[in-house]
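Working notes for the structure below.
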Amino acid sequence: MANSILNARTGSTALYDRVKRVIPPPEWATFAEDVDAILGLKRRRNAVVLAHNYQTPEIFHGVADIVGDSLSLAREATKVDADIIVLAGVHFMAETAKLLNPDKTVLIPDLSAGCSLADSITARDVRLMRQRYPGVPVVTYVNTTTAVKAESDICCTSGNALKVVQSLGAERVIMLPDEYLAQNIAAQTDVKIIAWKGHCEVHELFTAEDVRQLRENHPDVTVLAHPECPPDVVAEADFSGSTAAMSDFVLQQRPPRVVLLTECSMSDNVSVLHPDVEFIRPCNLCPHMKRITLKNIRHALETGRHEVTIDPAIAAPARRAVERMLAL
Ligand code: 13P
Ligand code: SF4
């Protein structure tokens, strides 16, 4: 499910009430001027900010118009009624937004906001996999470049990977590039999954021993793990799902104590909405997500940099793979 759509901004002072539990007043004081400037720039430029769940709270709760996981950001990008989209997230997310909005200006505040999964595979690698497994459909995680998507039959996200794999009606599926996501999906289906060796540098750091330690130290804790975590971590968790699914789990189940085995800003952002839930916070930072700041979002809106462009030769097949996913 998409996360909330944040509207009716009234300025940084009113906004502070929302985030005061996770941002101390002196820190907010350093953000307020940029928040007000961004709110004004968005109105004047007819721009919206789409922010991933791993963005820091001053971005997520302060200036974002639409927040969510990769799937909901892709879905919401198709409905945006604005001239400019600023993608507060990593480069593949901005490329997906551009693919779905070829006539709009899509900006990413820092061009070097990458992803270890997107870096783990090239278009040539996908062609070689097709040669090795002729006729086997290729499902590609959205955490990839446009060139890799263009070689694929269909995309998936962590929120719909099982559904996408099962929709193909194939005995075998090539699932790229996240080995752990592929293994975690393989555990839930009879479809034989052929995986790649890519890993998320954030989620691969969690271990099953971490989960056992957490349960020893906090016997009543509910453990939620992102499916990019290794399978033995997911096996020890109480629930595994996309960032939006984790957020929904907390909303619906209201566990008294919870740990989100994922990127650090998730707990900050979700805890703002649930003061009654205690968040235990071992987490790992994504250095790519953390490249996006209020300062460079403001700069993007002031200067129009960095505009995301896509080679027209690969745009059409990549768009097909993304749209096929969205149609499911
Ligand atoms: P979600 O699609 O679950 O938001 O995950 C994106 C991501 O990059 C996780 O590391
Ligand atoms: Fe990529 Fe992992 Fe960062 Fe997500 S958390 S953007 S998968 S490196």
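The values are calculated or read from the model by the stated rules, or taken from the named source; none is laboratory data. Remember, predicted model here, so these are calculated numbers, not experimental data. Neighbour counts run over all protein chains shown; Cβ positions are idealised from the backbone, glycine included.
Would you please name the residue that is nearest to ligand 2 (Cβ to nearest atom), looking only at residues in segment 285-303 that are within 19 Å of Ala225 (Cα to Cα) and crowded, with 16+ Cβ neighbours inside 10 Å? The selected residue is Cys286.
Yes/no per residue for (1) away from ligand 1 (no atom under 16 Å from the Cβ); (2) within 29 Å of Leu168 (Cβ to Cβ); (3) of a type in the set (Gly, Ala, Ser); (4) assigned to a helix (DSSP H, G or I):
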site: Val80; (1), (2), (3), (4): yes, no, no, no
site: Ala97; (1), (2), (3), (4): no, yes, yes, yes
site: Pro109; (1), (2), (3), (4): yes, no, no, no
site: Ala113; (1), (2), (3), (4): no, no, yes, no
site: Asp119; (1), (2), (3), (4): no, yes, no, yes
site: Val136; (1), (2), (3), (4): yes, yes, no, no
site: Val139; (1), (2), (3), (4): no, yes, no, no
site: Asn143; (1), (2), (3), (4): no, yes, no, no
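Report yes if some residue within segment 202-215 is at positive phi and away from ligand 1 (no atom under 16 Å from the Cβ); otherwise report no. No: segment 202-215 contains no residue that is at positive phi and away from ligand 1 (no atom under 16 Å from the Cβ). Taking the criterion of being among the aliphatic types (A, V, I, L, M), within 18 Å of the chain's Cα centre (by Cα) and either more than 16 Å from ligand 2 (Cβ to nearest atom) or over 21 Å from Ile185 (Cβ atoms) (or both), the only residue of segment 206-254 that qualifies is Val250. Please determine, by comparing only the residues of segment 81-127 that are of a type in the set (Val, Ile, Thr) and touching a residue at least 60 places away in the same chain (Cβ under 8 Å), which one is farthest from Thr145 (Cα to Cα). Checking each candidate, the answer is Ile84.
Within segment 197-214, the residues that satisfy the criterion of being touching an Asp or Glu at 6+ places or on another chain (Cβ under 8 Å) and not in a loop (DSSP other than H, G, I, E, B) are Gly198, His203, Glu204, Ala208, Val211, Arg212. Residue count for segment 145-168 satisfying the condition of being outside any helix (DSSP H, G or I) and either touching a residue at least 60 places away in the same chain (Cβ under 8 Å) or under 15 Å from Tyr180 (Cα atoms) (or both): 10. Six or more apart or on different chains, Cβ atoms under 9 Å: show the pairs whose first residue is in segment 62-73 and within 16 Å of Asp248 (Cα to Cα) and without any contact (Cβ under 8 Å) to a residue 60 or more places away in the chain and whose second is part of a helix (DSSP H, G or I) and among the hydroxyl-bearing types (Ser, Thr, Tyr). Every condition considered, the pairs that remain are Leu73/Thr96. Which members of segment 116-144 meet the condition of being crowded, with 17+ Cβ neighbours inside 10 Å and under 19 Å from Val202 (Cα atoms)? Residues satisfying the conditions are Ser116, Leu117, Ala118, Ser120, Ile121, Tyr141, Val142, Asn143, Thr144.
Checked against (1) surrounded by fewer than 23 Cβ atoms within 10 Å (Cβ to Cβ); (2) more than 22 Å from Ile314 (Cβ to Cβ); (3) touching a helix residue (DSSP H, G or I) at 6+ places or on another chain (Cβ under 9 Å), Gly169 passes all but condition (3).
Of everything listed in (1) crowded, with 22+ Cβ neighbours inside 10 Å; (2) within 14 Å of the chain's Cα centre (by Cα), the single unmet condition for Leu107 is (2).
Look at (1) of a type outside the set (A, V, I, L, M); (2) within 15 Å of ligand 2 (Cβ to nearest atom); (3) assigned to a loop (DSSP other than H, G, I, E, B) and you find that Asp103 fails only one, number (2). Checked against (1) more than 13 Å from ligand 1 (Cβ to nearest atom); (2) touching a helix residue (DSSP H, G or I) at 6+ places or on another chain (Cβ under 8 Å); (3) farther than 17 Å from Thr309 by Cα, Asn53 passes all but a single condition, namely (1). Within segment 185-200, not a single residue is within 26 Å of Val90 (Cβ to Cβ), touching a Lys or Arg at 6+ places or on another chain (Cβ under 7 Å) and within 16 Å of ligand 2 (Cβ to nearest atom). Conditions first: (1) under 25 Å from Met289 (Cβ atoms); (2) among the acidic types (Asp, Glu); (3) buried (at least 22 other Cβ atoms within 10 Å of the Cβ); (4) away from ligand 1 (no atom under 13 Å from the Cβ). Asp178 passes all but one, so which condition is the exception? Among (1) under 25 Å from Met289 (Cβ atoms); (2) among the acidic types (Asp, Glu); (3) buried (at least 22 other Cβ atoms within 10 Å of the Cβ); (4) away from ligand 1 (no atom under 13 Å from the Cβ), the lone unmet condition for Asp178 is (4). Within segment 66-100, take every residue that is among the hydroxyl-bearing types (Ser, Thr, Tyr) and at pLDDT 90 or above and give me the one that is farthest from ligand 2 (Cβ to nearest atom). Of everything passing the filter in segment 66-100, Ser72 is farthest from ligand 2 (Cβ to nearest atom).
Listed here are the strands (runs of 3 or more DSSP E) enclosed by segment 222-299 that have at least 1 residues being at pLDDT 95 or above and within 12 Å of ligand 1 (Cβ to nearest atom): 222-225, 257-261. Here Val90 qualifies as among the aliphatic types (A, V, I, L, M) and within 21 Å of Asn160 (Cα to Cα).
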